[in-house]
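Derivation of every value follows stated rules applied to the coordinates shown; laboratory data play no part. Just so it is clear, the model here is predicted, and its values are computed rather than measured. We place every Cβ from the backbone using ideal geometry, glycine too, and count neighbours over all the protein chains shown.
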Amino acid sequence: MSRLLDVSDLKVTFGTRYGTVTALDSVSFHVDQGETLGIVGESGCGKSITALSLMGLIPTPPGKIAAGSIKFLGSELIGLPPAKLRSLRGSDMAMIFQEPMTSLNPVFTVGDQIAEAITLHQNLDHENAFKQAIELLDRVGIPSPEKRARDFPHQLSGGMRQRVMIAMAVSCRPKILIADEPTTALDVTVQAQIFDLLNEVQREFGAAIILITHDMGAISEMADRVAVMYAGRIIEEGRADDILDHPQHPYTRGLISCIPSLDQTQDRLREIPGIVPPLHELGAGCAFAKRCDHAFDRCLTARPSLSTAGHHPNACFAVEEQRL
Amino acid sequence: MTALLEVENLTVRFPMPKEGLFGPRPYLEAVRSVSFQVEEGKALGIVGESGSGKTTTAMATIRLEDAADGAVRFQGNDLLSLDDEGMRAARRDVQLIFQDPYSSLNPRARVSQIVREPLDLMDIGTAAERDARVKELFKLVGLREDQLNLFPHQFSGGQRQRISIARALATNPKLIVCDEPVSALDVAIQAQILNLLAQLKEDLGLSYLFISHDLGVVRHICDDVAVMYLGKIVEMGSRDDIFERPQHPYTQALLAAAPSLSRRKSKGYTRPLTLTGDPPSPINPPLGCAFAERCPRAQAVCRKDAPVLTNGVACHFSGPAE
């Protein structure tokens, strides 16, 4: 499998009223052709910032890519002139956002919006692009696509809008599709349709998918490999089976066991106490220490980095010292 | 077992804009003749897609929405026929927790005031007793006393939901309507709130009418489950019936759609059954079964005759999933 995307030691900072905070800290991962990488964590862990930095969409200022490299097919994306980046974005890399209503333009028909994306990246006039847009709407399972292409976003249901977003995203046959919580606002039945559609699109177009989610169930259904993020760092990574069957980091274990199971009735859920700490309150120790049952003195003084001490890479002193 | 709440043939209609000046006013029937019971100390979950009428059913049950037809018996009283004063008194025993912990708390009130308000409105106890009760409630839901005088924006989503729960518990209610109480929360926080709700139910003998689209959550907290589709209950039964032996193809499809850790891409999992399309419009509901258009088992009879709920399932061809 060939390497599509290589992110190493990515650091993103934001200027806030509490001073400069580090939203992403030495984040490294890679994506191979045709695979699905799941990035999982609670809100505020840096999942979306990771996606935005890949797309070159970090709002600057206040944000800034302070260090690291993002290599796409071997060439560096950081520092690329905006015009170059724009031509990559949408053609080779496309993104599906969480809220399809706010990411579609309410005053243009969906057909026009997809056609616009096509004319921007391919040498086609509007008429042909519109025809292609109809074809794409058909491909993503929208009934009577010719009629629907002339609809405005508000005339479509949430699931249909997300299909339109997917049609737009795959219109230029991207090599990487970044889906940022694509089903958060949708019903489970529609979520299932969208997941099935993404898998189908992947098979058909051979695109790699980066799926950002907080739901381990979604990871299980969609991902080949998983990176677990907490407070701006990747704290565990591995194949989906490794993560789901042999979670190492206490946070990953918590994320898995706090989901109410569909398959059996449980007495009490294991909960992760507390909340993700605000970035400006991160001290010297492990960011998870305050919420962790296994924290010991070392966790309070130093922040662990990914090590291979466990079954697969994870950042936990308790795992490293076999205290779990 | 005595039923705390008995709902019979509850129907809710919303008036729609007239098509012409002299035309008849069309009505949207959001809830169509729904009957269920909630037993004392038990939780009934109502699940379904958005637009299925689950929230409207709950709101009409506690008269936050006007019912067009039906009866709601709560502790022997018919809630729908109570006068305003009677209903106000009844609200002492029926409380509500909303979905969005951000918009359901007054941003200008201190949280102690928010939790105390039901006691003030119902004129329960002396001022000192009310304050003591608020402190007690704070402890009960896992908040600290030094947080009493803060404002809602100083709390996280999970803590705000704890405040909502404290407010709902203030008057010692018997029934709490929970409208998607955890769907706005992060997974880890969701578990905290679910554990709290389960604990309170056990300790205080509360009954819940629990609305959720998340089947895992419903399985965790509810004793009985009703599945709604386009304003009707299509299947109802005990938790085990619904999750282990679902009979209605819609229930089966819902269960197949929900993500689960046992459904693994790496193990080659593909969904056996996917629902296509959206539910039909409730303005002009189909003549027969509302689910027929999306149903893998639909036959001619399904498009003609609407099935009635018998033995907990409303389907002409009910049975275990293939």
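Remarks
- Counting charges near B:GLU40 (Lys, Arg +1; Asp, Glu -1) among other residues having Cβ under 15 Å from its Cβ returns a value of -3.
- Take each residue in B:277-283, count the other chain C-beta atoms within 10 Å of its C-beta, and the mean is 3.
- Taking 12 Å as the cut-off, the amide N atoms of the range A:54-77 that come nearer than this to a point 7 Å along the Cα-to-beta-carbon line of A:GLN33 belong to A:73.
- Inter-chain Cβ neighbour average for residues B:205-217, partner chain, 10 Å: 2
- Positive minus negative residues near A:LEU24 (Lys, Arg vs Asp, Glu; Cβ under 9 Å): +1
- Our estimate of slack between A:SER43 and A:SER87, defined as 0.36 nm per intervening residue step minus the Cα-Cα distance, is 12.8 nm.
- Across chain B, Cα pairs under 8 Å and at least six residues apart give a relative contact order of 20 percent.
- Working note: Karplus 6.51/-1.76/1.60 with θ = phi - 60° gives the range B:71-84 the couplings 9, 10, 9, 10, 6, x, 8, 8, 4, 5, 9, 5, 7, 4 Hz, where Gly and Pro are set to x.
- Here's how it looks for A:ALA223: its modeled amide H is under 5 Å from those of B:LYS265, which are all 5 or more places away or on a different chain.
- Calculated FRET efficiency for the pair B:ARG245/A:GLU200, C-beta based, R₀ 35 Å, to 0.05: 0.65
- Euclidean distance of C-alpha centroids, the range B:212-237 and the range A:91-141, integer Å: 38 Å
- Per-residue HN-Hα couplings for the range A:261-274 [Karplus 6.51, -1.76, 1.60; θ = phi - 60°; Hz; x = Gly/Pro]: 6, 8, 9, 8, 8, 9, 6, 9, 7, 7, 10, 9, x, x
- Amide H contacts for B:MET228 (H built 1.01 Å from N in the peptide plane; partners 5 or more residues away or on another chain; cut-off under 5 Å): B:VAL47, B:GLY48, B:VAL234.
- Gyration tensor (alpha-carbon) shape descriptor, the protein assembly as shown, a/c threshold 1.5: oblate
- Modelled FRET efficiency - R0 30 Å, A:ARG3 with A:GLN98, Cβ distances, 0.05 increments: 0.60
- Using the average count of surrounding beta-carbon atoms within 10 Å as a protection proxy, the listed peptides A:68-78, A:151-161 rank, highest first, as A:151-161, A:68-78.
- Of the peptides B:214-222, B:271-279, B:89-97, the ranking by mean beta-carbon count within 10 Å, highest at the top, reads B:214-222, B:89-97, B:271-279.
- Across the range B:2-16, the residues whose backbone nitrogen lies under 16 Å from the label position 7 Å along the beta-carbon direction of B:GLU40 are B:2-6.
- Test item: B:192-199 mean partner chain Cβ contacts at 10 Å: 3
- All other residues whose Cβ lies under 14 angstrom from that of B:TYR250 are scored, Lys and Arg at +1 and Asp and Glu at -1, for a net of -1.
- The chymotrypsin sites (Phe, Trp or Tyr not before Pro) of the range B:1-60 that DSSP puts in a loop, and whose beta carbon has at most 13 other beta carbons within 10 Å, are B:PHE22.
- Inter-label distance, nm, simple model (7 Å from Cα along the C-beta direction), B:TYR269/A:ALA302: 3.8 nm
- Phi-based couplings in Hz for the range A:310-319 (Karplus 6.51, -1.76, 1.60; Gly and Pro marked x): x, 5, 7, x, 7, 10, 8, 5, 5, 5
- Anisotropy class of the range A:49-174 from Cα gyration tensor, a/c 1.5 cut: prolate
- The stretch between B:LEU64 and B:THR310 holds 85.6 nm of extra length on full extension. This uses 0.36 nm per residue minus the Cα-Cα distance.
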